[in-house]
Amino acid sequence: MKKKLHILAVDDEPATGESIAYALEAPHREIVVAKDGNDALAKIAKEEFDVVITDHRMPRSGGLELVRKLRQRNYDGRIVVLSAYLSPDNIGTYEELAVDEIVAKPFDFEELRDIITGLEEEV
């Protein structure tokens, strides 16, 4: 039996977070939604996640700040960044922080499912 994959979807737009959860839903996955980086860190403090999918641009605490804090805490799970607003500098910083995937918004849910399936095999 497959290990249950724990995924945290972080997006300030509730509909986007719920859409990601719906698109990735499967019996061997548990998906939790957070509204920003601060909310994500609070959830990560209570529960382990294999994959964090985060939006880049969010109020209070964005994706870049979240990824930096995860790396400072030695988070060793997979990280996927979703955004329509990434400058070349942002992309370079995410690459330096060793995120697994960067996906442009609007994204195709099938593409996201394929990415998670690929990461799932590595976890």
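The values are calculated or read from the model by the stated rules, or taken from the named source; none is laboratory data. Please read all numbers here as calculations on a predicted model, not as lab measurements. Ideal geometry is used to build each Cβ from the backbone, glycine not excepted, and the neighbour counts take in all protein chains shown.
In this structure, I31 does satisfy being touching a Phe, Trp or Tyr at 6+ places or on another chain (Cβ under 9 Å), outside any helix (DSSP H, G or I) and of a type outside the set (S, T, Y).
Please verify whether the range 34-43 includes one or more residues that are more than 10 Å from the chain's Cα centre (by Cα), touching a residue at least 12 places away in the same chain (Cβ under 8 Å), closer than 15 Å to L5 by Cβ and crowded, with 20+ Cβ neighbours inside 10 Å. Checked the range 34-43: no residue is more than 10 Å from the chain's Cα centre (by Cα), touching a residue at least 12 places away in the same chain (Cβ under 8 Å), closer than 15 Å to L5 by Cβ and crowded, with 20+ Cβ neighbours inside 10 Å.
Within the group E96, E101, which residue is at pLDDT below 95 and not aliphatic (A, V, I, L, M)? Checking each option against the conditions leaves just E101. If I filter the range 60-78 for residues that are under 20 Å from K3 (Cα atoms), surrounded by fewer than 11 Cβ atoms within 10 Å (Cβ to Cβ) and either at pLDDT below 95 or over 14 Å from the mean Cα position of the chain (by Cα) (or both), do I get at least one hit? Yes, the range 60-78 contains a residue that is under 20 Å from K3 (Cα atoms), surrounded by fewer than 11 Cβ atoms within 10 Å (Cβ to Cβ) and either at pLDDT below 95 or over 14 Å from the mean Cα position of the chain (by Cα) (or both). When V81, V99, V52 are checked against the criterion of being buried (at least 19 other Cβ atoms within 10 Å of the Cβ), touching a Phe, Trp or Tyr at 6+ places or on another chain (Cβ under 7 Å) and either in a helix (DSSP H, G or I) or not aromatic (F, W, Y) (or both), V81 stands alone in meeting it.
Just one of the listed residues (R71, R113) is over 21 Å from V33 (Cβ atoms) and not in a strand (DSSP E or B), namely R71. Per the conditions (1) crowded, with 18+ Cβ neighbours inside 10 Å; (2) without any contact (Cβ under 8 Å) to a residue 24 or more places away in the chain, the sole criterion not satisfied by L8 is (2).
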